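Novice: Dropping a structure here in structure tokens format, bear with me for questions.
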Amino acid sequence: DQQVKQNSPSLSVQEGRISILNCDYTNSMFDYFLWYKKYPAEGPTFLISISSIKDKNEDGRFTVFLNKSAKHLSLHIVPSQPGDSAVYFCAASARGSTLGRLYFGRGTQLTVWP
Amino acid sequence: GAGVSQTPSNKVTEKGKYVELRCDPISGHTALYWYRQSLGQGPEFLIYFQGTGAADDSGLPNDRFFAVRPEGSVSTLKIQRTERGDSAVYLCASSFGPGSTEAFFGQGTRLTVV
């Protein structure tokens with residue numbers, strides 16, 4: 001049973017515009033959320049994370065929003081660049097004091113066109 | 001190198017054979033994880049080591065899969081009597097351990113069982 005869901009398999013955005021990638025989760029024990037980016041033939045690369053005690057975390061062009069009541073998080077990329085084209089994975093952990101096991105969504109393929 | 005290293009990068013084996021996949025974590029990282037990614041899916045957890053011991057092996061699909069980390073550094077994932085359904089990319093990740101906020105992934109080993 002998929003505890004982390006990314007319902008959009010793909011997203012296409014023009015360069016300079018905002019990209020919004022969505023993620024939903026079902027397990028209320030999840031208290032830490034991460035976004036990874038993956039290029040073909042490479043391993044996932046950590047992008048940004050958020051703890052459940054926050055509702056927003058920002059790092060440069062990347063912002064993650066968390067809505068705990070809706071069990072929903074989103075990743076905003078502004079402005080989008082062609083180099084952002086990759087598969088983005090949402091992941092969750094019942095972290096507590098240790099990172100432990102991550103539960104991943106199926107990913108969203110982002111394509112940023114010039 | 002400074003990152004997580006996995007060998008081999010590609011492995012083709014015949015059904016029924018035994019395979020070993022190796023992971024060299026980032027130096028100083030006490031936590032090590034194995035994940036498996038099938039086509040069109042997100043990474044799926046297999047096992048997590050803290051030091052030499054398996055802290056969580058609940059993701060191993062059956063007793064054909066086994067992993068070791070005898071000295072708390074390099075880990076080997078072992079698959080006996082391989083089946084075609086074992087074909088996937090096997091990803092290894094490492095982190096500092098308790099208190100970590102992210103896991104760093106290797107490039108993966110693509111296993112093909114023919």
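Throughout, read-outs are computed from the coordinates displayed, never taken from laboratory work. The shown structure was predicted, so the numbers you read here are calculated from the model rather than taken from an experiment. Cβ: placed from backbone, ideal geometry, glycine included. Neighbour counts: every protein chain shown.
Novice: Across chain A, how many lysine pairs, 8 or more apart or on two chains, come within less than 15 Å at their alpha-carbon atoms?
Specialist: So the count of such lysine pairs works out to 6.
Novice: Please give the per residue volume of the convex hull enclosing the alpha carbon atoms of the protein assembly as shown, rounded to a whole number of Å³.
Specialist: Considering the Cα atoms of the protein assembly as shown, their hull volume per residue is 123 Å³.
Novice: Taking a cut-off of 20 Å between Cα atoms, list the lysines near B:Lys15, but don't count ones fewer than 8 places away on the same chain.
Specialist: Correct list for B:Lys15: B:Lys78.
Novice: Could you put B:Ile47, A:Ile48 in order, starting from the residue whose Cβ has the fewest other Cβ atoms within 10 Å? Kindly include the intermediate steps, with their values, before the conclusion.
Specialist: Working: B:Ile47 23, A:Ile48 18.
Sorted ascending by nearby Cβ count, the order is A:Ile48, B:Ile47.
Novice: Sticking with this one: Alpha carbons only, please: Rg and Dmax for chain A, in angstrom.
Specialist: Rg and Dmax of chain A, Cα atoms, are 13.4, 43 Å.
Novice: Tell me, A:Arg95, A:Arg106 in order of fewest to most beta-carbon neighbours within 10 Å?
Specialist: Values: A:Arg95 22, A:Arg106 17.
Least crowded to most crowded, the residues run A:Arg106, A:Arg95.
Novice: Positive end of the charge dipole of chain A (Lys, Arg +1 and Asp, Glu -1 on Cβ, about the Cα centre): tell me which of A:Val4, A:Val64, A:Ile18 has its Cα farthest that way.
Specialist: A:Val4
Novice: Same structure again: Roughly how big is chain A's charge dipole about its Cα centre, with Cβ charges of +1 (Lys, Arg) and -1 (Asp, Glu), in debye to the nearest 20? Kindly include the intermediate steps, with their values, before the conclusion.
Specialist: Numbers: 12 positive and 9 negative charges, 36 e Å.
The calculated dipole for chain A is roughly 180 debye.
Novice: Hey, fewest Cβ within 10 Å first, where do B:Lys11, A:Lys38, A:Lys56 land in order?
Specialist: By the 10 Å Cβ count, ascending: A:Lys56, B:Lys11, A:Lys38.
Novice: Further, regarding this structure: Could you work out the Kirkwood radius for chain B, taking every pair of different alpha carbons, averaging 1/r and inverting it, reported in Å?
Specialist: 14.0 Å
Novice: At 7 Å along Cα-to-Cβ for each site, give me the label-to-label distance between A:Glu42 and B:Arg84 in nm.
Specialist: 3.4 nm
Novice: Hey, any idea what the orientation-averaged projected area of the convex hull of the range A:19-82's Cα atoms comes to, in nm²?
Specialist: Working: hull surface 19.4 nm².
So the mean shadow area of the Cα hull is 4.8 nm².
Novice: Can you give the local net charge around A:Asp59? Use residues other than it whose beta-carbon is closer than 13 angstrom to its beta-carbon, Lys and Arg +1, Asp and Glu -1.
Specialist: On the way: positive: A:Lys37, A:Lys54, A:Lys56, A:Arg61; negative: A:Glu58, B:Glu102.
Once positives and negatives cancel, what remains is +2.
Novice: Starting from the Cα of B:Thr13, move 7 Å in the Cα-to-Cβ direction to define the label point; list residues of the range B:75-113 whose amide nitrogen is under 18 Å from there.
Specialist: Output list for this probe position: B:75-92, B:108-113.
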